[in-house]
Amino acid sequence: MVQDLLHSPAGLQNFLIFFGLAVVLLLVILGFVTYAILAERKVLGFMQLRYGPNQVGGPWGLLQTVADVLKLLLKEDTMPKLVDKPLFIIAPVIAFAPSFVVIATLPFTDKLQFADIGVGLLYYIAISGLTTIGILLAGWSSNNKYALLGGMRGAAQMISYEIPLVMSVLGVVLLTGSMNLNEIVAAQENVWYILLQPIGFLVFFIASVAELNRVPFDLPEAENELIAGYFIEYSGFRFAFFMLAEYVYMFAMATLTTVLFLGGWLPPFDFLGFIPGAVWFALKFCAVTFILYWFRSTFPRIRADQLMEFGWKILLPVALANIFLTAILKEILKLF
Amino acid sequence: MTFSGELLAFIILAITAVIGGVLLLNLNKVVHMVVALILTFVSIAGIFVMLSAEFVAVVQILIYAGSITIIMLFGIMLTRHRETTEAKGGGLRKILLLLGVLGFAFAVYIGIYNLDLNPQESTLHVNNVEQIGMALYTKYIIPFELTSVVLLVALIGAIVLAKKDDEKEANKE
């Protein structure tokens, strides 16, 4: 349906259709973020032998996040006197907008996708790099040394880990012969890439956790050394934007992991094909997000110098070796 | 010329790019200028998309909007970032500038007015990345490899220079 729409002439009607679709997607993502936060707190709670939110909205705390967001929205919007005002205002927007833009190319099922472009994978990585600028500007414009440190750390970390991230995915691209996400999923018809590219998957997953700024790589916002890092001066709605960007990226990254390595919407075995693709996708997606929560409750934060050394001295060479190995296996031994 | 969605998109992107450029020249703080530059880079990427050059567009965002501006921001923050630039120079300078701008506009006008573009290629967007890869690794392999050697030399040179400075400072102390 979207394909037909993309080729239809421009007009007010089509514009409204696209606008409506985008709004629906935004609402779906907001819903996801609401319950991802709740799920995270619940999972963390259970792993630490406590209950997690259990007051607002029944015993499962189903309305806890809604209440939290309402509180954020009703808060006074404070802005320190000496901030760089235009940048301070625009930084959350620069940080959030790319996170929503990247979702446009991600295929959820074979029919549920917005744009099917040839360089889908590269598009994701390129656009998500823009968030770094938002974080850096937030840190700088706050006129606060902790915020600046957090912003600098965020930029350094996200740039360093973007390189292993791209390199680890190149193995998948080599095997598929395309950067189109749909073709990557189609190439996993028989066997998922997590089995063909185990090293690539490991590097990708570690680098993606670092890109998401989540534990054990949450140095930009390390509470106990930088208070809250780059968004320390932010409150209310603007703060909510940074949190939103973080969770939307988690949504996007979990989707990307599923699509690249776990076969997207394809069932694991052929006889299970009667279950619709959306269900398979949701299951795999939930598994990936659960592992992210699991990491958060079990790993300690690593040091800044360890972070850099790990990225440049371990992940990058391993990812390069993986590309080399894949090329040998594919072209010389012709295994795939 | 009919008024199509493509034209509308082009006008919006072009105006955004020009606004970014004008802001870059007129803003006072250096960091604000970099943000204006990002605006220009991203809109130019949009124009690349309209020309069916998906790969170039994505690389434009990845390299220019993503990496180079971050390097600039780091550079600005490591130096005197509180400085704001002040306009200097008198009337003569302004007149010379105006002449230069007019001359440049005239040269560009002459250059593109009689430009004869080949009939538009209609298959460029098919397997865009594959086509670029094929061209780079068959027809243009030697220039491509030479460029990478140049980049490698630059990288190693930068490391050597940075190292030397370190040692000197260490010796001083």
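Quick note: the coordinates plus some simple rules give every number you see, no bench work behind them. It should be emphasised that the depicted structure is a prediction, and the values quoted were computed from it without experimental measurement. Methodologically, a virtual Cβ is constructed for each residue, glycine included, from the backbone with ideal geometry; neighbour enumeration extends over all protein chains shown.
Computed values, structure above
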read-out	value
Selected residue (criterion: nearest to the other protein chains (Cβ to nearest Cβ)) from residues of the stretch A:171-181 that are assigned to a loop (DSSP other than H, G, I, E, B) and at negative phi	A:Met179
Top-ranked residue in the stretch B:10-43 [being out of contact with any Gly (no Cβ under 9 Å at 6 or more places or on another chain) and surrounded by fewer than 14 Cβ atoms within 10 Å (Cβ to Cβ); ranked as nearest to B:Thr79 (Cα to Cα)]	B:Asn28
Subset tally (residues that are without any contact (Cβ under 8 Å) to a residue 40 or more places away in the chain, closer than 15 Å to A:Ala95 by Cα and more than 8 Å from chain B (Cβ to nearest Cβ)) for the stretch A:119-170	0
Subset tally (residues that are part of a loop (DSSP other than H, G, I, E, B) and in contact (Cβ under 8 Å) with a residue 60 or more places away in the chain) for the stretch A:298-312	4
Matching residues in the stretch A:97-118 - criterion: being within 14 Å of chain B (Cβ to nearest Cβ), closer than 23 Å to A:Val279 by Cα and in a helix (DSSP H, G or I)	A:Val102, A:Ala104, A:Thr105
Hits in the stretch B:12-46 (condition: more than 13 Å from the chain's Cα centre (by Cα) and within 13 Å of chain A (Cβ to nearest Cβ))	B:Ile12, B:Leu23, B:Leu27, B:Asn28, B:Lys29, B:Val30, B:Val31, B:His32, B:Met33, B:Val35, B:Gly46
Residue tally, condition surrounded by 15 or more Cβ atoms within 10 Å (Cβ to Cβ) and among the polar types (S, T, N, Q), over the stretch A:55-94	2
